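The values are calculated or read from the model by the stated rules, or taken from the named source; none is laboratory data. This structure is a prediction, so every number in the text was calculated from the model and none was measured. FYI the Cβ positions are ideal-geometry reconstructions off the backbone, even for glycines, and counts take in every protein chain you see.
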Amino acid sequence: SQKIEQNSEALNIQEGKTATLTCNYTNYSPAYLQWYRQDPGRGPVFLLLIRENEKEKRKERLKVTFDTTLKQSLFHITASQPADSATYLCAEGGNKLTFGTGTQLKVEL
Amino acid sequence: DVKVTQSSRYLVKRTGEKVFLECVQDMDHENMFWYRQDPGLGLRLIYFSYDVKMKEKGDIPEGYSVSREKKERFSLILESASTNQTSMYLCASTTGSSYNSPLHFGNGTRLTVT
């Protein structure tokens, strides 16, 4: 079965830098990947979806890439701000989305 | 904006009790889901429903059941609560396939079983 792997260690970066989070999948190449943001005590909120045939997707300061050779998606936040601090989840699947465990991002002043 | 409302933010129940977790969405979505979220394990799918009175098992359905009598409401039932069901429970909904329509989540119910 498919596994979605994200770095469990928190990522600490300085304000203004670019944060890069990694999502690896272990089995078949998914038709698409989704990225969500989750704040403490809240449900995940959808950010971006990238399809297998799209190498890159952008939304404001967010960018997602999809590399089927490396079996990996990268999620970038440029010009990061303390308000970007949250846990970011990667997910794939049809109606039964499989989520990674998420990576916590902390943006420091 | 889509709103998914879970009836309780926090619940404390005793072992053996029957527990009902309620979820309501206001966007006429066909699909509804129940996940549980635990540290180090991420979100795991318990049950989902494509339509009224339809249900499908997710990855961890044991000890749970669901009810969908109306399109907007999806209930998760713990028939006899156990301590290993202490968790954060998240409800979500979407229209059509999540290929094109990502999930909208509620803010969760943190259940403690003592």
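Within the stretch A:90-109, the set of residues being modelled with pLDDT of 90 or more and outside any strand (DSSP E or B) comprises A:GLY100, A:THR101, A:GLY102, A:LEU109.
Taking the criterion of being away from chain A (no Cβ under 14 Å) and of a type in the set (Gly, Ala, Ser), would at least one residue in the stretch B:26-40 satisfy it? Spell out the reasoning first.
From the stretch B:26-40, those away from chain A (no Cβ under 14 Å) are B:26, B:28; that's our starting set.
Filter once more, keeping what is of a type in the set (Gly, Ala, Ser): none.
Looking for residues that are away from chain A (no Cβ under 14 Å) and of a type in the set (Gly, Ala, Ser), one finds none in the stretch B:26-40, hence no.
Filtering the stretch B:63-78 for residues that are aromatic (Phe, Trp, Tyr), away from chain A (no Cβ under 12 Å) and surrounded by 13 or more Cβ atoms within 10 Å (Cβ to Cβ) leaves a non-empty set. A:ALA83 meets all of the listed conditions (1) over 16 Å from A:GLN2 (Cα atoms); (2) in contact (Cβ under 8 Å) with a residue 60 or more places away in the chain; (3) of a type in the set (Gly, Ala, Ser) but one, namely (2).
Do we have any residue at all in the stretch A:67-83 that's outside any strand (DSSP E or B) and surrounded by 18 or more Cβ atoms within 10 Å (Cβ to Cβ)? Yes: one or more hits.
Would you point out the residue of the stretch A:93-109, among those that are under 11 Å from the mean Cα position of the chain (by Cα) and closer than 20 Å to A:ASN27 by Cβ, that is surrounded by the most Cβ atoms within 10 Å (Cβ to Cβ)?
Pass one, the stretch A:93-109, residues under 11 Å from the mean Cα position of the chain (by Cα): A:99-105.
Now drop any that are not closer than 20 Å to A:ASN27 by Cβ, which leaves A:99-102.
Working: A:PHE99: 24, A:GLY100: 27, A:THR101: 19, A:GLY102: 25.
The qualifying residue surrounded by the most Cβ atoms within 10 Å (Cβ to Cβ) is A:GLY100.
Restricting the stretch A:6-54 to residues that are among the aliphatic types (A, V, I, L, M) and more than 16 Å from A:ALA86 (Cα to Cα), the residue that is surrounded by the fewest Cβ atoms within 10 Å (Cβ to Cβ) is A:ALA31.
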